[in-house]
Number of protein chains: 2
Amino acid sequence: MTMAKKTTKRRQNDTTLPMRDFPLNRAFTFFEPGPVLLVVTSLNGRHNVMTASWTMSLGFTPIIGVSLGPWNHSYETLFETGECVLSIPAADMMEAAVGIGNCSGDRINKFKNFHLTPLQGQKVAAPLIAESLANVECIVREKPSNNGLYLFILEGVKAWYNPDREEKRTFHAKGDGTFIIDGETIDLRHKMTKWEDCI
Amino acid sequence: MTMAKKTTKRRQNDTTLPMRDFPLNRAFTFFEPGPVLLVVTSLNGRHNVMTASWTMSLGFTPIIGVSLGPWNHSYETLFETGECVLSIPAADMMEAAVGIGNCSGDRINKFKNFHLTPLQGQKVAAPLIAESLANVECIVREKPSNNGLYLFILEGVKAWYNPDREEKRTFHAKGDGTFIIDGETIDLRHKMTKWEDCI
């Protein structure tokens, strides 16, 4: 008699793991400030991750626009599988994010190379990144049109957040190889009279 | 005999004015970090300005995506005139930007109300904002498609920058009435081996 091998796949509903449920209709707040993101894809069990800073919030669902082109190894996987995880790295992951953005997944196992821990989410095959501040499982709502801009429209279907992470700052790419870390946060909620539903 | 009245329109080629030419093919660096922007429009000589944080860099030209809907007074003007100025406010303009985002140009002259100085640029009728860090004159390359996302694709045609402004930090909307001011800038240009053309 052989014992069934216990699965070692780490699923995010294990409460010893860092990511907690985050309200999906508030997940646009991860994207609206414009931080550098990691785009995680998976094809036939092989995970990949790329760095993206051409992104925007486009709806409260959340809907997110992400531009990546055929020159990115992730493009074909995102196009074919129609799903990904958008992961929000903290400022202490900046060097890893830049490293990830300067090599290609067709030659390197980036999860291994950059010491990222994949965690299985609930809605898509692509894994969450355990080290990130937050992760949003997404499906592709619109593939790029033929206008040469390579804009994917994604819809978030499940959001996760690590409330215990000490480093909560994100960072922003300037596009010239310099990066801006979040500074002071200013609360102007009392002035948002037209947008009370958002605060 | 009457003397011709000298025009008092302030044009930006007057060297006593703050804005200087900025290389158009580097203007994407204004947008890539995801700061809060001001969108300036003009119809029949009447200027208007709104605050926008659902924006993204989409190309080095520069190409910029901006989402604004028919509920914004600026929408119709942008749609009809096909041009605008994207203005990048500094952190010391945060309260003004939030005020601008919480009232409507159909009832208020926002330039007057928020003490903004319009300067005539070179390519479009909408004025630059003298107090901003930078301004980019833009034409509409694509109007929103019928996918409900109200995404305009803009192409920058002339960029301006004030090199003498002491406050050079921008700020980012979180979407919940709080705003993040730029903190420390980290130089990782030596790690951008794949993107040497950008640095």
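The values are calculated or read from the model by the stated rules, or taken from the named source; none is laboratory data. These figures come from a predicted structure and were not determined experimentally. Neighbour counts are summed over all protein chains in view; Cβ atoms, including those assigned to glycine, are modelled from backbone coordinates with ideal geometry. The area values use the complete protein model at the heavy-atom level, side chains included, leaving out ligands, DNA and RNA. Shrake-Rupley method; radii C 1.70, N 1.55, O 1.52, S 1.80 Å.
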Which distances, in nm and shortest first, link the A:Lys143 label point to the same label point in every other copy, taking 7 Å along Cα→Cβ?
2.8
Put +1 on the Cβ of each Lys and Arg and -1 on the Cβ of each Asp and Glu in the protein assembly as shown; which of B:Asn72, B:Asn102, A:Ala52 then has its Cα farthest toward the positive end of the dipole?
B:Asn72
Which whole-Hz ³J(HN,Hα) couplings does segment A:185-199 yield from phi under the Karplus relation 6.51 cos²θ - 1.76 cosθ + 1.60, θ = phi - 60°, glycine and proline marked x?
9, 10, 9, 10, 4, 5, 9, 8, 5, 8, 10, 4, 5, 8, 9
Roughly how many Å² is the accessible area per residue of segment B:112-199, as a whole number, for a 1.4 Å probe?
47 Å²
Once label points are set 7 Å from the Cα along Cα→Cβ at both B:Trp71 and B:Arg107, what is their separation, rounded to one decimal in nm?
1.6 nm
Quick check on segment A:60-138: take the gyration tensor over C-alpha atoms, sort the square-rooted eigenvalues as a ≥ b ≥ c, and tell me if it's rounded (a/c under 1.5), prolate or oblate.
rounded
Hey, got the dipole for segment A:74-188? About the Cα centre, +1 on K and R Cβ, -1 on D and E Cβ, debye to the nearest 20?
300 debye
How high is the FRET efficiency between B:Arg46 and B:Ile139 when r is their beta carbon distance and R₀ equals 25 Å, given to the nearest 0.05?
0.80
Cα centre as origin, Lys/Arg/Asp/Glu Cβ charges: segment B:1-116 dipole, Debye:
580 debye
To one decimal in nm, how far is B:Asp176 from the same spot in the other copies, if labels go 7 Å from Cα toward Cβ? Please give the shortest first.
3.3
Counting only Cβ atoms, what residue of chain A lies nearest to the axis that sends chain A onto chain B, and how many whole Å off?
A:Gly34, 1
A 31 angstrom limit on the alpha carbon distance is what I want to check against. Which of A:Lys174/B:Lys143; A:Lys174/B:Lys9; A:Lys143/B:Lys112; A:Lys143/B:Lys168 exceed it?
A:Lys174/B:Lys9; A:Lys143/B:Lys112; A:Lys143/B:Lys168
When the accessible area of segment A:44-161 is computed with all protein chains present and a 1.4 Å probe, what percentage of it is carbon and sulfur?
48 percent
What are the label-to-label distances in nm, one decimal and shortest first, from A:Glu196 to the same spot in the other copies, with labels 7 Å along Cα to Cβ?
5.8
With a 1.4 Å probe and every protein chain left in place, tell me how much accessible area A:Tyr161 has, in Å² to the nearest 10.
60 Å²
Of the residues B:Tyr161, B:Thr178, B:Leu151, the Cα lying farthest along the dipole of segment B:146-188 towards its positive end, which is defined by charges on the beta carbon of Lys, Arg, Asp and Glu, belongs to B:Leu151
Kirkwood hydrodynamic radius of segment B:40-199, from inverse mean 1/r over distinct Cα pairs, in Å
16.7 Å
By its C-alpha gyration tensor, with a ≥ b ≥ c as the square roots of the eigenvalues, how is segment B:126-185 shaped: rounded for a/c under 1.5, else prolate for a/b larger than b/c, else oblate?
oblate
Per-q log10 I(q)/I(0), the protein assembly as shown, q = 0.09 Å⁻¹ (Debye; single scatterer per alpha-carbon; no solvent):
-0.53
